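First comes the structure, then the notes that go with it.
The values are calculated or read from the model by the stated rules, or taken from the named source; none is laboratory data. Everything numeric in this text was worked out from a predicted model, so none of it was measured. Cβ placement follows ideal geometry from the backbone for every residue including glycine, while neighbour counts extend to all protein chains displayed. Ligands, DNA and RNA are excluded from the accessible area calculation, which covers all protein heavy atoms including side chains. Shrake-Rupley method; radii C 1.70, N 1.55, O 1.52, S 1.80 Å.
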Amino acid sequence: MDIVMNYHNYETTIVETYGVRLVGWPHGVKFISPSNIGTVGDIRKLRDALKSRTCYWTALSQTEIKSHAAELNARRLAGEIVRKPHKKRSDSGVPRKRKAPATTEQAGRETQRASKKAKRTAPQHRQAPKSSEFVEPSDEDVE
């Protein structure tokens, strides 16, 4: 199973969905993607914690999963935004053209167009003038 880490929505997409938690994240290091950590010192702290296994993944028990879900629901009911919303589309609110469902008549036209296109792109065989294998001398040539 391939799981993609989501630092922004860790509580919902990782802990709640998969029932696992990252334990022992180094103190003083922001919980963000390692590629976005700004200083080499913080990266080394995280690397050392992972190597020494003081920072590790652990599976939650059923009671821990239920209590985590209850905590998230309580936070949601209190009005807290638990999950970071997706970014809004840049063309939001702008009407976009919709493709109409193809009817049988339109499908027939498309196949006709495809065949015409196929005819154009097919190699053209030009007919060269036919010549006989042996050329007979004519009366004018003979002197």
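Which ones in the range 1-12 are touching a residue at least 60 places away in the same chain (Cβ under 8 Å) and either open to solvent by 40 Å² or more (accessible area, probe 1.4 Å) or out of contact with any Lys or Arg (no Cβ under 6 Å at 6 or more places or on another chain) (or both)?
Narrowing the range 1-12 to residues touching a residue at least 60 places away in the same chain (Cβ under 8 Å): 8-9, 11-12.
Matches in the range 1-12: HIS8, GLU11.
Taken together, the criteria exclude LEU22 from residues that are under 20 Å from HIS8 (Cβ atoms) and either at pLDDT below 90 or acidic (Asp, Glu) (or both). Evaluate the following for LEU22: is it within 21 Å of SER67 (Cβ to Cβ), within 30 Å of the chain's Cα centre (by Cα) and either among the hydrophobic types (A, V, I, L, M, F, W, C) or open to solvent by 30 Å² or more (accessible area, probe 1.4 Å) (or both)? Criteria met by LEU22.
Among the residues of the range 58-79, those identified as small (Gly, Ala, Ser) and in a helix (DSSP H, G or I) are SER67, ALA69, ALA70, ALA74. So, in the range 70-84, how many residues would count as being open to solvent by 80 Å² or more (accessible area, probe 1.4 Å) and either under 23 Å from ILE3 (Cα atoms) or in contact with a Leu (Cβ under 7 Å, 6 or more places away or on another chain) (or both)? Qualifying residue count, the range 70-84: 2. Reported count of residues in the range 14-24, each being among the β-branched types (Val, Ile, Thr) and either touching a residue at least 24 places away in the same chain (Cβ under 8 Å) or touching a Phe, Trp or Tyr at 6+ places or on another chain (Cβ under 6 Å) (or both), is 3. If we scan the range 58-69, do we find a residue that is closer than 27 Å to VAL23 by Cβ, surrounded by fewer than 10 Cβ atoms within 10 Å (Cβ to Cβ) and of a type in the set (A, V, I, L, M, F, W, C)? Scanning the range 58-69 turns up no residue that is closer than 27 Å to VAL23 by Cβ, surrounded by fewer than 10 Cβ atoms within 10 Å (Cβ to Cβ) and of a type in the set (A, V, I, L, M, F, W, C).
Select from the range 46-57 the residues that are touching a residue at least 24 places away in the same chain (Cβ under 8 Å) and part of a loop (DSSP other than H, G, I, E, B) and write down the one among them that is least open to solvent (accessible area, probe 1.4 Å). First the steps, then the outcome.
Here is the first cut: in the range 46-57, the residues touching a residue at least 24 places away in the same chain (Cβ under 8 Å) are 49, 54-57.
Those left that are additionally part of a loop (DSSP other than H, G, I, E, B): 54-55.
Values: THR54: 80, CYS55: 5 Å².
That would be CYS55.
On inspection, SER33 qualifies as surrounded by fewer than 16 Cβ atoms within 10 Å (Cβ to Cβ) and modelled with pLDDT under 95.
Given the structure, is ILE43 free of Cβ contacts under 8 Å to residues at least 40 places away in the same chain, in contact with a Leu (Cβ under 9 Å, 6 or more places away or on another chain) and in a helix (DSSP H, G or I)?
Spelling it out, it is not the case that ILE43 is free of Cβ contacts under 8 Å to residues at least 40 places away in the same chain, in contact with a Leu (Cβ under 9 Å, 6 or more places away or on another chain) and in a helix (DSSP H, G or I).
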